[in-house]
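The values are calculated or read from the model by the stated rules, or taken from the named source; none is laboratory data. Everything numeric here is computed off the predicted structure, so don't read it as measured data. Here the Cβ is made from the backbone with ideal geometry for all residues, glycine too, and neighbour counts use every protein chain on show.
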Amino acid sequence: MRKGLLIIISGPSGVGKGTVREFIMNDPTLNLAFSVSCTTRAPRNGEINGREYFFISKQKFEEYIKEERFLEHANFCGNYYGTLIDFVDELRNKGKNVIVEIETNGAKQIIEKLNGNDEISIFIIPPSLDELERRIRGRKTETEEVIKERMKKAEEELKLAPLYDYVVQNINPVQCGEEIKQIIKNKLK
């Protein structure tokens, strides 16, 4: 059985990574699986442990770091986020093409570790920083301080676009998703 492809989808917070990923996941021809990340942040309304994230304690997360169990990990806005190596490998060894949806710090770690072996990296950009801020505010889940921190970080993250294999602008999530689906299909040929 052919080992699955690792698909890194990244971009600034609020750019629509989750919406685009959900659209892509609905295409059965791509044989996709979603890599659920770990986080130490509290679940948002409606989030379920094991579906959006594995919600774990800071202590457990730090143990996993020491044990080198993460493909990537980062601390963002006071919380840890990370992708478990075993979880991703298990899916890929079953032939699944695994989507890892992560912030730029984590994507950079994976890109540097894997060096282009059976993975593609896709950076989603917003139409503008103003539109990005509007989307973040529209969530109504972050404080003003966190919004400002996310916007400052987004400006820096957009400078990292050249590190990725592909850059796709998210003006419309369906159009963005179709572009990404085509990128994946071309890589699987």
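Here Glu67 passes the criteria (1) within 19 Å of Ala107 (Cβ to Cβ); (2) surrounded by fewer than 17 Cβ atoms within 10 Å (Cβ to Cβ) except the one numbered (1). Residue pairs whose Cβ atoms lie under 6 Å apart, sitting 6 or more positions apart in sequence or on different chains, and linking a residue in segment 9-25 that is closer than 15 Å to Ile120 by Cα to a partner that is polar (S, T, N, Q) and crowded, with 22+ Cβ neighbours inside 10 Å, are Ser10/Thr104. Looking at segment 80-93, can you tell me whether even one residue there is of a type outside the set (Val, Ile, Thr), touching a Ser or Thr at 6+ places or on another chain (Cβ under 6 Å) and farther than 24 Å from Glu63 by Cβ? No, that holds for no residue.
Take the residues in segment 73-109 that are in contact (Cβ under 8 Å) with a residue 60 or more places away in the chain and within 10 Å of the chain's Cα centre (by Cα), then tell me which one is surrounded by the fewest Cβ atoms within 10 Å (Cβ to Cβ). Residue satisfying both the conditions and the ranking: Glu103. Within segment 111-125, is there a residue that is more than 23 Å from Leu71 (Cβ to Cβ), modelled with pLDDT of 95 or more and either assigned to a loop (DSSP other than H, G, I, E, B) or of a type in the set (A, V, I, L, M) (or both)? The answer is yes; a qualifying residue exists.
Checking segment 35-55 against the condition returns a match, with at least one residue being assigned to a strand (DSSP E or B), over 27 Å from Cys176 (Cβ atoms), more than 12 Å from the chain's Cα centre (by Cα) and without any contact (Cβ under 8 Å) to a residue 12 or more places away in the chain.
Looking only at segment 177-187, which residues are surrounded by 14 or more Cβ atoms within 10 Å (Cβ to Cβ) and either closer than 14 Å to Leu32 by Cα or under 15 Å from the mean Cα position of the chain (by Cα) (or both)? Answer for segment 177-187, where residues must be surrounded by 14 or more Cβ atoms within 10 Å (Cβ to Cβ) and either closer than 14 Å to Leu32 by Cα or under 15 Å from the mean Cα position of the chain (by Cα) (or both): Gly177, Ile180, Lys181, Ile183, Ile184, Lys187.
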